[in-house]
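The values are calculated or read from the model by the stated rules, or taken from the named source; none is laboratory data. Because the structure is a prediction, the values reported are computed rather than measured. All Cβ positions, glycine included, derive from the backbone under ideal geometry; neighbour counts span all protein chains shown.
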Amino acid sequence: MAEKTLRATLKKSPIGARPEIRATVESLGFRRMNQTRELPDNPAVRGMLTRVNFLVAVEGEPYVRPQRSRYKIWRARSAKKHQRGR
């Protein structure tokens, strides 16, 4: 009996993402943008794909590109920079 597989494609770069997100993308085996991988269809892989669904498109499921970068590492603004205009 043939094992079921999922075809997933990395659509968006994980650069600047939180370390957990980058590690998940790497553990799925993605190395570059628009790379397509055949992954086994099991609960562990499905859970990982759910965690990074804003970066990865799965064949047969609609991919919606995020409007805001919700996965980026937010950094505090420099107080020095914003006091210049005063």
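For the criterion of being modelled with pLDDT under 95 and aliphatic (A, V, I, L, M), M1 passes.
Evaluating R75 against the criteria (1) at pLDDT 95 or above; (2) not in a helix (DSSP H, G or I) leaves one unmet condition, (1). Return yes or no: is P43 exposed (fewer than 11 other Cβ atoms within 10 Å of the Cβ), over 18 Å from R65 (Cα atoms) and either of a type in the set (S, T, Y) or within 12 Å of the chain's Cα centre (by Cα) (or both)? Taking the combined requirement at face value, the residue does not satisfy it. Filter region 1-17 for residues that are part of a loop (DSSP other than H, G, I, E, B) and of a type in the set (G, A, S); which is nearest to F54 (Cα to Cα)? Looking at the filtered set, the residue picked out is S13. The set of residues in region 18-38 that are among the basic types (K, R) and either part of a helix (DSSP H, G or I) or closer than 15 Å to F54 by Cα (or both) comprises R18, R22. If you go through region 8-21 and keep only what is touching a residue at least 40 places away in the same chain (Cβ under 8 Å) and farther than 18 Å from V64 by Cβ, you end up with G16, R18. The selection criterion, being modelled with pLDDT of 95 or more, surrounded by 10 or more Cβ atoms within 10 Å (Cβ to Cβ) and either out of contact with any Pro (no Cβ under 8 Å at 6 or more places or on another chain) or under 13 Å from L10 (Cα atoms) (or both), holds for L49.
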